[in-house]
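Peer 1: What follows is a structure written as structure tokens; I'll ask about it next.
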2 protein chains.
Amino acid sequence: MAENSKKIKIVDLKRVKVTGGLLGEKYDTVLRSVIPYQWKALNDELDDSEPSHAIENFKIAAGLSTGEFHGMVFQDSDVAKWLEAVAYQLAVNSNKELKKRADEVIDIIAMAQQEDGYLNTYYSVKEPGNRWTNLRECHELYCAGHMLEAAVAYYHATSERKLLDVMIRFIDLIDSLFGPDEGKKKGYPGHQEIELALMRLYDVTGEPRHMNLAAYFINERGQKPNYFLEEWEKRGRTNHWSPFATWQDDYNQAHLPVREQDKAIGHAVRAVYMYTAMADLARETGDESLKKACRTLWENVTNRQMYITGGIGSSGYQEAFTFDFDMPNDTAYNETCASIGLVFWALRMFLMDGESQYADVIEQALYNGVLSGMSEDGNRFFYVNPLEVKPESCNRRHDKEHVMPVRQKWFKCACCPPNLARLMTSIGQYVYFQDEGGVGINLYAGSRYQYEAQGNPIQLEQKTNYPWEGTVSIAVGGASGQKFSLKLRKPGWCDSWKVMINEQEEQACLVKDYLTIDRSWIDGDRVELVMDMPVKTMYSLTELQENAGKAAVVRGPVVYCLEEADNGSNLSSLILKDDAHFHVEYDGSLLKGVSRITAKGVRETVAGESLYSDQAPRTEATDLKFIPYYAWNNRQDGEMLVWVRV
Amino acid sequence: MAENSKKIKIVDLKRVKVTGGLLGEKYDTVLRSVIPYQWKALNDELDDSEPSHAIENFKIAAGLSTGEFHGMVFQDSDVAKWLEAVAYQLAVNSNKELKKRADEVIDIIAMAQQEDGYLNTYYSVKEPGNRWTNLRECHELYCAGHMLEAAVAYYHATSERKLLDVMIRFIDLIDSLFGPDEGKKKGYPGHQEIELALMRLYDVTGEPRHMNLAAYFINERGQKPNYFLEEWEKRGRTNHWSPFATWQDDYNQAHLPVREQDKAIGHAVRAVYMYTAMADLARETGDESLKKACRTLWENVTNRQMYITGGIGSSGYQEAFTFDFDMPNDTAYNETCASIGLVFWALRMFLMDGESQYADVIEQALYNGVLSGMSEDGNRFFYVNPLEVKPESCNRRHDKEHVMPVRQKWFKCACCPPNLARLMTSIGQYVYFQDEGGVGINLYAGSRYQYEAQGNPIQLEQKTNYPWEGTVSIAVGGASGQKFSLKLRKPGWCDSWKVMINEQEEQACLVKDYLTIDRSWIDGDRVELVMDMPVKTMYSLTELQENAGKAAVVRGPVVYCLEEADNGSNLSSLILKDDAHFHVEYDGSLLKGVSRITAKGVRETVAGESLYSDQAPRTEATDLKFIPYYAWNNRQDGEMLVWVRV
């Protein structure tokens, strides 16, 4: 794998336009609905929702308003994520009004920065004397990381340095306070994020100190003596959230040095943000021990602790990973942000190792556990993504109080919607990639990409109705004999395919699961990839006891579910027959256009006077009607089920 | 039903001796092991267990020792329950040493009583000024109830009044403080118990004020304004346990007047102790509205919220009932005490209405959810009784932290083992009953009962290997033509039976599910009841989604389970075949003698590299080996499963 290191490159977002298909539609929804909706939220203009106060906090810190800080200790990060999403939008679609609004926010942020470069409204407004005294719980470095990501993105999109310079000043301050040198703090973030942001900054500045600071935070983590324990002693054993002892060191992956960690544990978002930065650093430095740790953790997460939807972090308690094969469907946490973080990490693993398995997981998480976080109209959200929902049970059972059976308007801790916005607005970077030999496609989506081959501008135009159809056509424009390879990812789910070039079938070479077409291209060349996309019934390893006797219905990358709206209640009484005769039908009027699946099944009924009886269930034939999992709870409230009895 | 009211009588424990079979064996285990073991616990003589301090608290309160109060606010009740169990033991089996020990304890208790009759070591030692300021949380009336039950039992057993007089003095004090009269407190217990104890006292004293106080506590409950809220305001909004608001009024069934309660809710033990007293009071007074409430609640508990093991209170959070059909198997709480309380209640419902359905539930709870609480040797206990256990999951999952996968030596809150002891030592009262026409048998167990017919002493001797065999023989001794009816309960599980009298088959009349034999009896008459006892596969109503696609294996009253010790791990991969060919074999060397059941089944395996694949499971034939549920975790630790895939 090593030969791929540093050879694969992320594409410049300005050169990609996602125009159609499901990803295009979701991209549009984010632009049209989520970003403006989130702006309202940040400015406390949503009805019936807890006010965010996030913009107001910055105004107070900037001296433009008066009052108290309100919201979570990491409230600033909501503004940062909004700005980052706006930056990605502006990279592709100019929007003067939005740009003006963003610039105004950046002006306020700059004013909120303190003399010495410090920037955090919670500490500036509420606890000015206590900076850097509670890294474990209080998210200063986390918020800095998010704002740094926004700054890098805004600079990329607009070439304007204002926010970038603000953040470089702040990073300079942080760099002067943390590190191995005598007198500096030996700390690291309680919520990882700044590490990956610093790697992105390094990508822009090329300044070794930026990468070194990321490396310091990564390498210092989990060393003894435990920094978090020492800072807790030092500040007089006070806590921001909860008694110290209830959060173990593994909650924020500080239980072991990162290279010794071989199982994902603790808070899932913290974990995958850290793994993302580890992969970035390993790729950049060629550090084999760090690469090995990344691959071991990847194997553990994706092959021992990941739901079929790409959901991770099964436990509502501490929003955390637990242990291998512990994946309850009804109490599953599967935070939307965790699946988003998994996509971030997967992209870095792909850049590091060039293997299609990473893009498979990007696709799996994206079409299922990520998109499930946003409603059809982009104004209702899921934070938690279980695979089985019975509303009464969620509403009344204490151990399911984290599971909302209905999409929510907003959250007190509103990390997920803006995270989804910044992922979807940067989706172009997941669709295409470049390597030394040419250009590749990881995700199939109606889109255009401006490639450059031997100095010549080449246009690739991808047309497809993926994921509802398995046919993708790529038109090459502007070429005049340039040689480059076009690599088309053969998804893990795909067992049968053909490739046509200018309507002639070709034996495209399969290199590491990429169909690789090497040729001299001329204007008007047209490649067509036709993937068979049958409905599959998927089973779990025996060790995954929750799914014993059950199967999930999957077509292409899309996991399907039963919803009460189509199948009535008591979904657990439905059984998929062996000869299910799956029928797939695209319905443009359903859920903004989805393929629905119908299958033969039976409904079991045990009726009678008594709770228990020796009467075996009666069965009657029925059709089971499946819709894509991501689209559930867009029509009416009710039960939902992914793993169906067989 | 009304005609039965007050006509059915509980038998005098002194006249029953349970000698053999499973109940006899468990009775012996309690005498031989649990009562001495518990005595050690009360005196802090167990190794590796949190000290109880319960006896020491009484010594301190009595001025015989110095130091602080330690333990739960209801620690006194452990001593009371021990004394009560000892009393039942002494009623049947004289034991001078034990009697001497009990008398010494009673002497200490009497010395701990304060001048005005007050008796509670927590308040006497720790908070002397705060009596009766926190009925909701602090168990003063609960502890009084338990000691009153012990006093009544000890008086019955020994005819000695010392503890009874102590408690009557205390009850006089309570009666002077609580009630409808002006100036008295309008309160009632935060944990119900004293109500049923007062009804037992009334049974001894015949004093209307004793019944009236019970009635007051029952009738005042749930009236507005809410007493608990008012006392909380009055004491300055302080809490003993947790913030006031986290405990709703329905936690202790104070949300509605008792006659308006139609669904069991809140803390399960509190609930069933209250229902027990309600049934006692309703029977005694003939109060039809109270009878109706009892029957409605009975129907809700047993037909909507009861596990097949007789376990109730499915939620670990607040040890509580939740809502209809909410019965998860793996997180089930099913406190041993709750099933014991259900047995208490069922007996009162039987005395009130004379229907065998109540005795069916006594049997169901006893042989399953109650006996599961005690190990084979009577020195390890379960507090929580789930129907599905995977040890790693219990040890590592936060939402299962209440589920112990291994029997425990003792508990910080040690309510269950002594409760089990007092139930098992009084089991004779559940075996036989008397009504106007004669004598009846509710439970089948090797035993002798001294009956009196028209002034003549009659001996009934019951011989049986129940529940392993369905044959019961009853020999009548000492009769010389006396006429009385013998009623043999036809269990709900029994579909086919025959009755022999002196080896001749008889058509015994089935009256309300009692096989009723009316005749003039003579010495040496012998009745034999032969009940077919096939293995049954039991199914749940469709609404009970946890059990969809699964069945429980039951034989007679005994619910069976699969254990890892017999079947290997991953019990959820085992499937019971339709043609299971159940094979029943009594094994005297297994678990002190049980019938084991073997059945044809298959083991499913999905093996491979990936967590999910489209390869259907492989199956191989295997024998499923079942043991009685109550006996699980007596050999080695591991998985356990009641509801098996079919």
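The values are calculated or read from the model by the stated rules, or taken from the named source; none is laboratory data. This one's a predicted model, so the numbers in the text were calculated from it and none came from an experiment. All Cβ positions, even for glycine, are placed from backbone atoms using ideal geometry, and neighbour counts span all protein chains on display. Side chains included, ligands, DNA and RNA excluded: accessible areas come from the protein's heavy atoms. Shrake-Rupley method; radii C 1.70, N 1.55, O 1.52, S 1.80 Å.
Peer 1: What do you get for GluC sites (Glu not before Pro) in segment A:591-629 restricted to DSSP loop and a cutoff of at most 14 other Cβ within 10 Å of the site's Cβ?
Peer 2: In loop regions of segment A:591-629 (DSSP not H, G, I, E or B), the sparsely surrounded GluC sites (Glu not before Pro) are A:E609.
Peer 1: Please give every one of the lysines within straight-line cross-link reach of B:K14, meaning a C-alpha to C-alpha distance under 17 Å, and leave out same-chain neighbours fewer than 8 residues apart.
Peer 2: Reachable lysines: B:K96, B:K99.
Peer 1: Note the full-extension length gain between A:E392 and A:K7 as 0.36 nm times their separation in residues minus their Cα-Cα distance, in nm to one decimal.
Peer 2: 133.4 nm
Peer 1: Shifting gears a bit: Which percentage, to the nearest 5, of the DSSP beta bridges contained in segment B:401-560 is antiparallel? Write out the running numbers ahead of the final one.
Peer 2: On the way: 48 of 52 bridges.
Here the share of antiparallel DSSP bridges comes out near 90 percent.
Peer 1: In addition: Every other copy gets compared here: list the nm distances from the A:K409 label point (7 Å along Cα to Cβ) to its counterparts, shortest first, one decimal.
Peer 2: 5.6
Peer 1: Right, next: Just which residues of segment B:561-602 lose 50 Å² or more accessible area with every protein chain there, against their chain alone, with the probe set to 1.4 Å?
Peer 2: Residues passing the criterion (a loss of at least 50 Å², heavy atoms only) are B:N570, B:S572.
Peer 1: If a paramagnetic tag sat 7 Å from the Cα of B:S610 along the Cα-Cβ line, which residues of segment A:292-315 would have the backbone N under 17 Å from that point?
Peer 2: Those under the cut-off are A:299-311.
Peer 1: Multiply the residue gap between B:S94 and B:D28 by 0.36 nm, knock off their C-alpha separation, and tell me the result in nm, one decimal place.
Peer 2: 22.4 nm
Peer 1: Here's a follow-up. Ignoring ligands, DNA and RNA, what percent of the accessible area of chain B is carbon or sulfur (1.4 Å)? All intermediate terms of the calculation are to be shown ahead of the outcome.
Peer 2: Numbers: 10270 of 22740 Å².
Carbon-and-sulfur percentage of accessible area, whole number: 45.
Peer 1: Take the Cα radius of gyration of the protein assembly as shown and divide it by 2.2 N^0.38 Å, with N its residue count; two decimals is plenty. Can you show the working numbers first?
Peer 2: Numbers: Rg = 35.7 Å, N = 1292, 2.2 N^0.38 = 33.5 Å.
Working it through for the protein assembly as shown, the quotient is 1.07.
Peer 1: What net charge do the residues around A:H146 carry, taking every other residue with its C-beta under 10 Å from that of A:H146, with Lys and Arg at +1 and Asp and Glu at -1? Present the calculation step by step, with values, prior to reporting the outcome.
Peer 2: Working: positive: A:K81, A:R422; negative: A:D76, A:D78, A:E84, A:E149, A:E193.
Residues close to A:H146 contribute a combined charge of -3.
Peer 1: Here's something else I'd like to know. How large is the charge dipole for segment B:523-571, taken about the Cα centre, if only the Cβ atoms of Lys, Arg (+1) and Asp, Glu (-1) carry charge, to the nearest 20 debye?
Peer 2: 200
Peer 1: When only Cα pairs under 8 Å and 6 or more residues apart are kept, what is the percent relative contact order across chain A?
Peer 2: 13
Peer 1: Same structure, new question: Which FRET efficiency value, to the nearest 0.05, is calculated for A:V204 and A:D103 with the Förster distance at 30 angstrom and r the Cβ-Cβ distance? Please list the in-between numbers first.
Peer 2: Details: r = 19 Å, r/R0 = 0.65.
It comes out at approximately 0.95.
Peer 1: Right, here's the next one. If you take all C-alpha pairs in segment B:506-545, what percent of them are over 14 Å apart?
Peer 2: For segment B:506-545, the fraction of Cα-Cα distances above 14 Å is 69 percent.
Peer 1: Order of A:324-333, B:17-26, A:382-391 by packing, highest average Cβ count within 10 Å first?
Peer 2: Final packing ranking: A:382-391, A:324-333, B:17-26.
Peer 1: How much accessible area per residue does segment A:45-114 have, in Å², with a 1.4 Å probe?
Peer 2: Value returned for segment A:45-114: 42 Å² of accessible area per residue.
Peer 1: Right, something else. With the Cα gyration tensor of chain A giving a ≥ b ≥ c as the square roots of its eigenvalues, does the rule (a/c under 1.5 for rounded; else a/b larger than b/c for prolate; else oblate) give rounded, prolate or oblate?
Peer 2: Cα axes put chain A in the oblate bin.
Peer 1: Starting from the Cα of A:N303, step 7 Å toward the Cβ, then list every residue of segment A:229-270 with an amide N under 15 Å from that point.
Peer 2: Output list for this probe position: A:262-264.
Peer 1: Shape call for segment A:170-291 from the C-alpha gyration tensor, a ≥ b ≥ c root eigenvalues: rounded (a/c under 1.5), prolate (a/b greater than b/c) or oblate?
Peer 2: Oblate shape, in that a/c is at least 1.5 and b/c is the bigger or equal ratio.
Peer 1: Interface size between chain B and chain A, please: total buried accessible area, 1.4 Å probe, rounded to the nearest 100 Å².
Peer 2: In total, this chain pair buries about 4600 Å².
Peer 1: A follow-up question, please. Which whole-Hz ³J(HN,Hα) couplings does segment B:433-438 yield from phi under the Karplus relation 6.51 cos²θ - 1.76 cosθ + 1.60, θ = phi - 60°, glycine and proline marked x?
Peer 2: 8, 10, 9, 4, x, x
Peer 1: Would you kindly give the portion of the calculated P(r) for segment B:320-421 that falls above 16 Å, as a percent of all Cα pairs?
Peer 2: Percent of Cα pairs beyond 16 Å in segment B:320-421: 60.
Peer 1: Quantify how strongly other chains surround peptide B:297-306 by giving the mean number of their Cβ atoms within 10 Å of each of its Cβ atoms. Intermediate results must be reported in sequence, preceding the final value.
Peer 2: Values: counts 0, 0, 0, 0, 0, 2, 4, 1, 1, 2.
That average works out to 1.
Peer 1: Cβ under 15 Å from A:G179's Cβ, A:G179 left aside: what net charge do those residues give with Lys, Arg +1 and Asp, Glu -1?
Peer 2: -2
Peer 1: Can you give the helix-only mean residue ellipticity at 222 nm for chain B, where every DSSP H stretch with n ≥ 4 adds -39500 (n - 2.57) and the sum goes over all residues, rounded to the nearest 500 deg cm²/dmol? Write down the numbers at each step before the final one.
Peer 2: Working: 19 runs with 217 residues, N = 646.
Per the formula, -10500 deg cm²/dmol.
Peer 1: Then there is this: With Rg and the Kirkwood Rh both taken from Cα atoms, where does Rg over Rh land for segment B:535-645?
Peer 2: We get a ratio of 0.99 for segment B:535-645.
Peer 1: Can you give me the accessible area per residue for segment B:436-531, using a 1.4 Å probe, in Å²?
Peer 2: Accessible surface, normalised per residue, equals 42 Å².
Peer 1: Mind checking the per residue accessible area of segment A:225-352 for me, 1.4 Å probe, whole number of Å²?
Peer 2: 29
Peer 1: A further question follows. Magnitude of the Cβ-charge dipole of segment A:167-268, K/R +1 and D/E -1, about the Cα centre, nearest 20 debye? Provide the component values of the computation, followed by the final result.
Peer 2: Details: 13 positive and 16 negative charges, 42 e Å.
Its charge dipole is roughly 200 debye.
Peer 1: Tally the DSSP beta bridges in the protein assembly as shown and give the antiparallel ones as a percent, rounded to 5.
Peer 2: Around 95 percent of the beta bridges assigned by DSSP in the protein assembly as shown are antiparallel ones.
Peer 1: Which FRET efficiency, nearest 0.05, do B:Q459 and A:S289 yield, Cβ-Cβ r, R0 60 Å?
Peer 2: Numbers: r = 83 Å, r/R0 = 1.39.
The formula returns an efficiency of 0.10 here.
Peer 1: Run the numbers on segment A:451-599 and let me know its relative contact order in percent, using alpha-carbon pairs under 8 Å that are six or more apart.
Peer 2: Relative contact order here is 19 percent.
Peer 1: So, one more: Mind putting a number on the dipole of segment B:219-345 about its Cα centre? Charges go on the C-beta only, +1 for Lys and Arg and -1 for Asp and Glu, and I need it in Debye to the nearest 20.
Peer 2: 160
Peer 1: With a ≥ b ≥ c the root eigenvalues of the C-alpha gyration tensor of segment B:386-435, is it rounded (a/c under 1.5), prolate (a/b larger than b/c) or oblate?
Peer 2: Here segment B:386-435 falls in the prolate category.
Peer 1: Follow-up. Of the peptides B:574-585, B:312-323, B:273-284, how do they stack up when ordered by the mean number of other Cβ atoms within 10 Å, highest first?
Peer 2: Most protected by this proxy first, the peptides run B:273-284, B:312-323, B:574-585.
Peer 1: Further, regarding this structure: For B:A346, what is the net charge nearby, where nearby means another residue's Cβ is under 12 Å from its Cβ and Lys, Arg count +1, Asp, Glu -1?
Peer 2: -3
Peer 1: So in segment A:535-645, what percent of DSSP beta bridges are antiparallel if you round to the nearest 5?
Peer 2: Of all bridge pairs located within segment A:535-645, approximately 95 percent are antiparallel.
Peer 1: Expressed as a rounded percentage, what relative contact order does segment A:257-430 have, with Cα pairs under 8 Å and six or more residues apart?
Peer 2: Answer for segment A:257-430 is 21 percent.
Peer 1: Sticking with this one: With a cut-off of 12 Å, note down the residues of segment B:561-577 whose backbone N falls inside the zone around a label point 7 Å from the Cα of B:Q636 toward its beta carbon.
Peer 2: B:564-569
Peer 1: Now, a different point. For the rotation taking B to A, I'd like to know which residue in chain B has the C-beta closest to the axis, plus that distance in Å.
Peer 2: B:D399, 2
Peer 1: Would you grab the residues whose amide H sits under 5 Å from the one on A:F484? Only those 5+ places off in sequence or on another chain, please, with H modelled 1.01 Å from N.
Peer 2: Correct list: A:R519, A:W521.
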